[in-house]
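So the structure is just underneath, and the comments pick up after that.
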Amino acid sequence: MDDIQLLLQIATEDEGALREFYRRYANLVFSMALSVLQNHAIAEEVTQDVFWTIWRKAALYDADRGGVKTWLLTITRRRAIDYRRRLKPTDSIDDPTSGALPTSALQSSDIDLQQALAELPDEQQACVELIYLRGFKQHEVAEQLAVPLGTVKSRIRLALKRLRERLSPIAD
Amino acid sequence: MNHATDTHTEWEELVALHALEGLEPAEAQRLEQHLATCADCQAALADYQGIAGRIQASVPLVQAPASIERRLLRRVQQQRLRRSLRWVATAAALLILALGGGYWWGRQTAPLSASESRAATAVARIGAEKSQILQLSATTGLSASARCIWVFGESQASLIVAGLPPAAAGQTYQTWFVLKDQTVLASTTFQVDATGAAVVQLVAPAPWPDLAQMIITSEPQGGSLQPSTPTLLAGTF
Ligand SMILES: [Zn+2]
């Protein structure tokens, strides 16, 4: 049974289908939540919450808007960011150096991306991760890294411009 | 597109931040207006969003703890139970109102009878956001069952019993709580009605997380200090 069939089964409240879906994606969802939150207990909470949402709202999946895995990752990342903002509104970025993407631990399936990321200057990598994977706001990143807001903006622009050049050489 | 580079850099920054979901709503709105007129930025945004998806999919994989699945499935079962119970309890409440019914319209301001208010409380608990339901099953051949419903943070609970035969003369039913250290604590005694049903109010003798089991036995009128007969119904927290 493919993922979409499974989601349809879940939408009919088939508990076995939920279990199977969980078996396929629990590690991915938990990993994303942990990446955002850097906290095991809250990442567990978010994981349970994401699958609970799937259980009640599997029917909301829209195949036109991307694959199931992408959908799930996006839901999880946003949910985890919500949790982080709600639970610790004053939380600062714990350690800017740990903000760099841990390239050695990345899944090896997307080697091109991995290499392109590794070639970015550390401070650009850190800004990309803090904004996108950890959900900090621009001004929070600027405060924490003690750089002007404009620097954060331009690091993000330069990072994505470089990644685009490296990853889609056909684009002008 | 002919852009003066200096002024267009700001749009490029907004496009990059937008792809990483890092814009404030007002900024995003401003960008949308520009996107409508700028093919370069549209193309960049599409590419950047693709890259963002790849970054997201490259999150380092770790093993999810097994406890998450157990909690998820418990939540699913609780939902099912709550849903079916809401019907049972609503039906029970309506039945009780109907039985007292001849007078119902004439005594709208009269207080509810004890059984009416217990049933109404049980219905409210089942509907509460943080309610938990413990199912008690018969340990013998009895076709009886019971559900205990409580709300997190409250010590009071409702016990809904179905299918118990009326207690023998001089006997009563009694509920017991077993703590995690195996201590058995006496709780309320109750009688069932002619249909074998009862709605009972209980007070937990300890915080809910400290409780291991809830059991029901038949005891001499007035209740006992320790269970004196075999368990009839039991549920494990
Ligand atoms: Zn533009």
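Just the number, please: buried accessible area between A and B, total of both chains, 1.4 angstrom probe, nearest 100 square angstrom.
Buried: approximately 4800 Å² between B and A.
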Q: Give the carbon-plus-sulfur fraction of the accessible surface of the range B:5-57 in %, rounded to a whole number; probe 1.4 Å, heavy atoms of protein chains only.
A: 51 percent
(Q) Could you tell me how far the Cα centroid of the range A:113-172 sits from the Cα centroid of the range B:21-85, in Å? (A) 19 Å
Q: Provide the net charge surrounding A:ASP122, with neighbours chosen by a C-beta distance below 12 Å and charges set as Lys +1, Arg +1, Asp -1, Glu -1.
A: -2
Q) When the helices in chain A are scored as -39500 (n - 2.57) per DSSP H run of 4 or longer and the sum is shared across all residues, what 222 nm value do you end up with, to the nearest 500 deg cm²/dmol? A) -21000 deg cm²/dmol
Q. Using the Karplus equation 6.51 cos²θ - 1.76 cosθ + 1.60 (θ = phi - 60°), what ³J(HN,Hα) coupling, rounded to whole Hz, does each residue of the range A:130-138 give in order, writing x for Gly and Pro?
A. 5, 6, 8, 8, 10, x, 6, 7, 3
Q: Could you rank A:VAL68, B:VAL199 by how accessible they are, 1.4 Å probe, largest area first?
A: B:VAL199, A:VAL68
**Q.** Interatomic Cα distance distribution for the range A:104-172, bins of 5 angstrom, percent
**A.** 3, 17, 25, 23, 16, 11, 5, 0
**Q.** Candidate aspartates and glutamates - alpha carbon under 15 Å from B:LYS180, same-chain residues fewer than 8 apart omitted
**A.** B:ASP210
Q. Using the eigenvalues of the Cα gyration tensor, what equivalent ellipsoid semi-axes result for chain A when each is taken as the square root of five times the eigenvalue, whole Å, largest first?
A. 31, 21, 13
Q. Taking a probe of 1.4 angstrom, what is the accessible area of B:TRP11 in Å², to the nearest 10?
A. 60 Å²
Q. Averaged over peptide B:46-54, how many Cβ atoms belonging to another chain are found within 10 Å of each residue's Cβ?
A. 6
**Q.** Counted charge near A:ARG77, where neighbours are those whose Cβ lies closer than 14 Å (Asp, Glu -1; Lys, Arg +1)
**A.** +3
**Q.** Accessible-area order (highest first, 1.4 angstrom probe) of the listed residues A:ARG162, B:ARG125, A:ARG85
**A.** A:ARG162, A:ARG85, B:ARG125
Q. Just how large is the dipole of the range A:104-172 about the Cα centre, in debye to the nearest 20, putting +1 at every Lys and Arg Cβ and -1 at every Asp and Glu Cβ?
A. 240 debye
Q. How many partner chain Cβ atoms sit within 10 Å of a residue's Cβ in peptide B:70-81, on average, as a whole number?
A. 4
Q | Inter-chain shielding of B:7-17 (mean C-beta neighbours from other protein chains, 10 Å cut-off) | A | 5
**Q.** Accessible heavy-atom area order of B:LEU85, A:LEU87, highest first, probe of 1.4 Å
**A.** A:LEU87, B:LEU85
Q. Roughly what % of Cα-Cα distances in the range B:5-57 sit above 17 Å, to the whole percent?
A. 31 percent
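The values are calculated or read from the model by the stated rules, or taken from the named source; none is laboratory data. The structure presented is a predicted model; accordingly, all values stated were derived computationally and were not measured. Every residue, glycine among them, receives a Cβ derived from its backbone with ideal geometry; neighbour counts consider all protein chains shown. Accessible surface areas use protein heavy atoms only, side chains included; no ligands, DNA or RNA. Shrake-Rupley method; radii C 1.70, N 1.55, O 1.52, S 1.80 Å.
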